[in-house]
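Reviewing the structure listed below.
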Amino acid sequence: MTSKNTICLWFDGTAVDAANFYAETFPDSAVGAIHRAPGDYPAGKQGDVLTVEFTVAGIPCLGLNGGPQFKHSEAFSFQIATGDQAETDRLWNAIVKNGGQESECGWCKDRWGLSWQITPRALIAAVTDPDRAVAKRAFEAMMTMRKIDIAAIEAARQG
């Protein structure tokens, strides 16, 4: 890894599986080097995969197979800006249908417990509209959704 700042994500022995899924699912993503433990450690043995370098949507990450003691939470999430409903649906469905779960307002969680915000650019534009009444209508529509429905957001924006 050559990036000065890399996101380190803790996994319980499944870092390679997660990295492969992200690389297959998100554009500008790839799996890089896989590093094996040079000796035994609390969660594994010498030769086990200790870390995997990967990129998610252009962001350098390191998956650490650190063991079961720490879990992912909603305090950290990847926010993926989508261009249209087809891309929103594809990414949302890939995460949810691969053992993940839906949440509110465009959030979902993958099977490893990482949170994702699949956020259409149209939603961002709507809720930040300088006309506060427009932004409020779009925001209120979003609050009723799980996966974001761009047509419903645009309808709310129009009033």
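Brief remarks on what is shown
- Compactness of the range 20-112 - radius of gyration and Dmax, Cα, Å: 15.2, 48
- Against the compact-protein benchmark of 2.2 N^0.38 Å, the Cα-based radius of gyration of the chain scales to 1.20.
- Per the Debye calculation on the range 1-70 with a single equal scatterer at every Cα and no solvent contribution, log₁₀ I(q)/I(0) for q = 0.14, 0.25 Å⁻¹ amounts to -0.39, -1.07.
- Sorted by Cβ density within 10 Å, fewest first, the residues Asp40, Asp12, Asp149: Asp40, Asp12, Asp149
- Convex hull of Cα atoms in the range 72-159, direction-averaged projection (nm²): 5.3 nm²
- Considering only the range 1-100, percent of DSSP beta bridges that pair antiparallel, nearest 5: 70 percent
- Order of Trp116, Trp107 under a 10 Å beta carbon neighbour criterion, fewest first: Trp107, Trp116
- The chain: most fluctuating residue of Arg111, Arg121, Arg132 per GNM, C-alpha cutoff 10 Å: Arg132
- Of Lys4/Lys147; Lys45/Lys109; Lys4/Lys136; Lys45/Lys147; Lys4/Lys109, pairs whose Cα-Cα distance is over 31 Å: Lys4/Lys147; Lys4/Lys136; Lys45/Lys147
- Rounded to the nearest 20 debye, the dipole magnitude of the range 72-159 is 100 debye, with +1 charges on Lys and Arg beta carbons, -1 on Asp and Glu beta carbons, and the Cα centre as origin.
- Cα-based reach from Lys97 at 20 Å (exclusive), listing aspartates and glutamates while leaving out same-chain residues under 8 positions away: Asp17, Glu24, Glu74, Asp84, Glu87, Asp89, Asp110, Asp149
- Computed over neighbours whose Cβ is under 12 Å from that of Trp116, the net charge equals 0, Lys and Arg +1, Asp and Glu -1.
- Each Lys or Arg adds one and each Asp or Glu takes one away; over the other residues whose Cβ falls under 11 Å from the Cβ of Gly100, this sums to +1.
- Helix 132-142 and the long axis of the chain differ in direction by around 50°, with both axes built from C-alpha atoms.
- When +1 charges are put on Lys and Arg Cβ atoms and -1 charges on Asp and Glu Cβ atoms, the dipole computed for the chain relative to its Cα centre reaches about 200 debye.
Each reported figure results from applying straightforward, stated rules to the coordinates on display, with no laboratory input. The structure presented is a predicted model; accordingly, all values stated were derived computationally and were not measured. Cβ: placed from backbone, ideal geometry, glycine included. Neighbour counts: every protein chain shown.
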